[in-house]
Amino acid sequence: MTVTAVRKDPEALTLTLDAEFDASPERVWQLWADPRQLERWWGPPSYPATFTVLDLRSGGRAEYYMTGPDGDTPPGYWDIIDAEPPRRLVMKDGFSNADGSPNEEMPGPGEMNVFIEPVGNGRTRMTIESIFPDAAAMEQLLAMGQEEGLTEAVGQIDAILAENAVTSGPR
């Protein structure tokens, strides 16, 4: 399985997921940078994302909405603090209203740090660290299923990478 570890640290207010892939750091970065690829894995299978804005440069922004099994479409955003392709992405991660403004009724925003590093033998480790603004937000978001949802979401990446390897290999 793609996901190798998930750690919760209530004292540090973090949820950290590690995953490894048979792909280069540049290829793993593309999973973030290409909105159509990102839509195929960001969010669990029952709550896929649609990105309407994706600018992964420092100072950039991403806007998206998830589509739930009952047709609900909760929106979210990322304000990009720092981006160092293909190695690192730092962003504020929050829920938004339909107009893109932060949803003050939901917890957050938090911070999300993504680290992408080669680990040898053509493999790459991706670490996603979520930092919650406070203990109440962490508790609420974990109760909403953030740990399971992130694990399911990242678990979809191997199939995307395998499909790409088949279509881009020698002919």
### Query
Given a 1.4 Å probe and the protein chains all in place, what does the accessible area of residue 70 round to, in Å² to the nearest 10?
150
## Note on the structure
The farthest towards the positive end of the charge dipole of region 3-152, of the residues 122, 143, 76, given +1 on Cβ of Lys and Arg and -1 on Cβ of Asp and Glu, is 122
### Task
Please give the per residue accessible area of the chain, computed with a probe of 1.4 Å over protein heavy atoms only, in Å².
51
### Task
Only loop residues by DSSP count here, and only those with at most 10 other Cβ atoms within 10 Å; note down the trypsin sites (Lys or Arg not before Pro) in region 49-135 that meet that.
57
### Full-stretch length increase - residue 163, residue 98 - with 0.36 nm per residue and alpha-carbon distance subtracted
20.0 nm
### Query
Roughly how many percent of the accessible protein surface of region 67-171 is carbon and sulfur, given a 1.4 Å probe and a whole-percent answer?
51
### Query
Could you work out the helix-only [θ] at 222 nm for the chain, with each DSSP H run of four or more residues adding -39,500 (n - 2.57) and the total divided by the number of residues, to the nearest 500 deg cm²/dmol?
-7500 deg cm²/dmol
### Message
Rounded to the nearest 10 Å², what accessible area does residue 6 have for a 1.4 Å probe in the complete protein model?
### Response
50
### Task
Can you give me the span-like helices of the chain, meaning DSSP H runs with 30 Å or more of Cα extent along the axis and Kyte-Doolittle mean at or above 1.6?
none
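The values are calculated or read from the model by the stated rules, or taken from the named source; none is laboratory data. What you are looking at is a predicted structure, and each value in this text was computed from that prediction instead of being measured. Cβ atoms come from the backbone with ideal geometry, glycine included; neighbour counts cover every protein chain shown. For the accessible areas, the whole protein counts, side chains as well, though only heavy atoms, and no ligand, DNA or RNA atoms are used. Shrake-Rupley method; radii C 1.70, N 1.55, O 1.52, S 1.80 Å.
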